[in-house]
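For reference, the structure discussed in these notes is given below.
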Amino acid sequence: MVTDHYFLRAMDAGMNTGTAYYMYGTFLVCCGRYDRAEDFFLRALEKDPENLVAVLSYGLFLYKYLDKR
């Protein structure tokens, strides 16, 4: 997928922040790729555990999509 390529390219270029990881996780959820999305939400929280948006996004992901995995 082309968008996938650009997200990963940006992260390889040094934009590997918690925000970038949770945004990519959100993108993966929209694509229905739940297992991979969870990996990126967890990476986001490892990078920046105090990022409130990442914490809320992961919590919402678990609430809405846990049964779809």
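The values are calculated or read from the model by the stated rules, or taken from the named source; none is laboratory data. This structure is a prediction, so every number in the text was calculated from the model and none was measured. Reconstructed Cβ throughout: ideal geometry from the backbone, glycine too, with neighbour counts over all protein chains shown. Each accessible area value is taken on the protein alone, full model and side chains, heavy atoms only, with ligands, DNA and RNA left out. Shrake-Rupley method; radii C 1.70, N 1.55, O 1.52, S 1.80 Å.
Annotations
- Being open to solvent by less than 40 Å² (accessible area, probe 1.4 Å) and either modelled with pLDDT under 95 or charged (D, E, K, R) (or both) holds for only one residue in TYR34, TYR63, TYR21, and it is TYR21.
- Within the range 8-18, being open to solvent by less than 40 Å² (accessible area, probe 1.4 Å) and closer than 15 Å to ALA54 by Cβ holds for MET11, GLY18.
- The listed residue being open to solvent by less than 80 Å² (accessible area, probe 1.4 Å), out of contact with any strand residue (DSSP E or B) (no Cβ under 6 Å at 6 or more places or on another chain) and either among the hydroxyl-bearing types (Ser, Thr, Tyr) or part of a helix (DSSP H, G or I) (or both), out of LEU28, LEU56: LEU28
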